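Everything on this sheet refers to the single structure shown next.
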């Protein structure tokens, strides 16, 4: 079976850290003796490559200097920077269509798998016409929220991208429901997961003599809801908070901690290495994902950092919305609280810190949930089933 994956951005070299879960998925499919190839955009003139034994076909869409609509940040955010970036999507679409037609007339693929169909469904449609392959489309959720809240006149495009697909998938139940609100069709829910370093599965107990450490990890943007976790620290005088990650709201969050009088118990670690992050997980008494629906209507579509925390045996607390609810089953794999409810958040954290039996039950439930629903074996098996019947 030969499959062409159409994606927005793909690592530029084997040390590039973008979309690690996608790279891992393609490696796992390759191990199943599936021929996988990638069709993606160039970055500042970068041409075709072979990475991890996977052929990567890159299309050019502008002069090298300005060929950076993707990779460092979301194209939507970059398009707000200057009039030129608002024009680039047109060149991106034309360049992609021409190159995918050329590629698929030359090569025979059994399946075309489109990731992020806004706007890549156009490439998928062209590829399908050129080589008569089956078309599989995966929705990640951000494109659905973007259209719903900012570009409602583009709903027709989403409906069209669903109709032309032989199979439709989504990364969470929340996202699947969003797809069905656009067009009522069967949607496979197949999450992605993450790989772990060898010997990294080290589930450690909290040292009783130390101040319990609460951990949150992510980019400091509105939808992460970290401000509500900092507010919750006012009700948790016995604990300290470790905030890992950078982002535009970092200075504001630091000021908030000072204003609330909790700065001495809130440490902002910024970006850290993988080894340092593992140590943070090992020290954590509880991991918290206080996501919210932000002012743009965006929220957590899955929340894979929760999977990392569970892997290291850290009990988790998260907001009851978005894709978080596929990972946290309340009172079984973690605790769910209403978004933006500071007091409920503090109480859930306190329960875990004070109740060792609850803690152990949640850790055991999370471990079983990971093995059953979020292992690569499970996910690859589900994708193979989709490809075979597409």
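Quick notes on this one:
- Residue in the range 124-140 that is touching a strand residue (DSSP E or B) at 6+ places or on another chain (Cβ under 8 Å), under 22 Å from residue 44 (Cα atoms) and outside the structural domain of residue 322 (by TED's automatic domain parsing) present: no
- Within the range 254-274, the set of residues being under 14 Å from residue 217 (Cα atoms) and assigned to a helix (DSSP H, G or I) comprises just one member, 274.
- Matching residues in the range 209-250 - criterion: being in contact with a strand residue (DSSP E or B) (Cβ under 7 Å, 6 or more places away or on another chain), in a helix (DSSP H, G or I) and surrounded by fewer than 19 Cβ atoms within 10 Å (Cβ to Cβ): 250
Here's the yes/no breakdown for (1) assigned by TED's automatic domain parsing to the domain that holds residue 172; (2) surrounded by fewer than 24 Cβ atoms within 10 Å (Cβ to Cβ); (3) in contact with a helix residue (DSSP H, G or I) (Cβ under 8 Å, 6 or more places away or on another chain); (4) assigned to a loop (DSSP other than H, G, I, E, B):
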| position | (1), (2), (3), (4) |
| --- | --- |
| 276 | no, yes, no, no |
| 282 | no, yes, no, no |
| 296 | no, yes, yes, yes |
| 306 | no, no, yes, no |
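- On inspection, residue 301 does not qualify as buried (at least 24 other Cβ atoms within 10 Å of the Cβ), in a helix (DSSP H, G or I), in contact (Cβ under 8 Å) with a residue 40 or more places away in the chain and not assigned by TED's automatic domain parsing to the domain that holds residue 170.
- Put simply, of 324, 349 the only residue that is within 25 Å of residue 282 (Cα to Cα), in contact (Cβ under 8 Å) with a residue 60 or more places away in the chain and touching a strand residue (DSSP E or B) at 6+ places or on another chain (Cβ under 8 Å) is 349.
- Candidate set from the range 182-220 (those that are out of contact with any helix residue (DSSP H, G or I) (no Cβ under 7 Å at 6 or more places or on another chain) and modelled with pLDDT of 95 or more); member that is nearest to residue 154 (Cα to Cα): 184
- Residue in the range 90-104 that is surrounded by fewer than 21 Cβ atoms within 10 Å (Cβ to Cβ) and not in a helix (DSSP H, G or I) present: no
- Filter result (surrounded by 18 or more Cβ atoms within 10 Å (Cβ to Cβ) and farther than 21 Å from residue 131 by Cα) within the range 29-45: 29, 42, 43
The values are calculated or read from the model by the stated rules, or taken from the named source; none is laboratory data. Quick caveat, the model's predicted, so the values are computed rather than measured. We place every Cβ from the backbone using ideal geometry, glycine too, and count neighbours over all the protein chains shown.
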